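Asker: Below is one structure. I have some questions about it.
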């Protein structure tokens, strides 16, 4: 009986650890470890804050662009994946025809596909390290002139 209870307790703990989302928390861009394309320059600084709100994750993005203009927007995404929603006004680069779909691979890996008028314009592959201390975003897409870009953005957990 005791062994059965111990096995159930261990399985319950493993399940709760699997359910914990390693993305939750504050992440600061590590510009020195990141790489950017000439047509997509590095911002001066950027911070992402992921927080659980019901069965969704709210992502708040803040920082300063290379040209000094502010970065500030929020969106929510379902924890299990699906369409994102803007919280408040969308950022300047977004239009009513922009849609973003999240595909969750595991608690530490997901894809964000950004569509404009139904066509993919950007893809973001998010991977959180095994120790959950760093996150890498591989971003591929086309800029407003249709030129391709690729960035590798490394964020450190705060």
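Asker: Okay, which of the range 115-136 sit inside 19 Å, backbone N to the point 7 Å along the Cα-Cβ direction of residue 152?
Answerer: Once the point is set 7 Å along Cα→Cβ of residue 152, 123-136 turn out to lie under 19 Å by backbone N, inside the range 115-136.
Asker: Something else: For residue 44 paired with residue 85, estimate the spin-label separation in nm (one decimal), with each label point 7 Å from Cα along the Cα-to-Cβ line.
Answerer: In this crude spin-label approximation the distance works out to 3.4 nm.
Asker: Need one number: nm distance between label points at residue 142 and residue 53, each 7 Å from Cα along Cα→Cβ, rounded to one decimal.
Answerer: Reported label-point gap for residue 142 and residue 53 is 3.2 nm.
Asker: Among 132-139, 35-42, how do they line up by average Cβ neighbours within 10 Å per residue, starting with the highest? Spell out each step's value before the answer.
Answerer: Details: 132-139: 16.6, 35-42: 13.6.
The peptides rank, most packed first, as 132-139, 35-42.
Asker: Now, a different point. From Cα pairs below 8 angstrom and at least 6 apart in sequence, can you work out the relative contact order of the range 23-157, rounded to a whole percent?
Answerer: Relative CO of the range 23-157 lands at 22 percent.
Asker: Once you put a point 7 Å from the Cα of residue 60 and another 7 Å from the Cα of residue 32, both along the Cβ direction, what distance in nm separates them?
Answerer: Simple spin-label model gives 2.8 nm for this pair.
Every number here is computed from the coordinates shown, using simple stated rules; none is lab data. Computed from a predicted model, the values in this text were never measured in an experiment. All Cβ positions, even for glycine, are placed from backbone atoms using ideal geometry, and neighbour counts span all protein chains on display.
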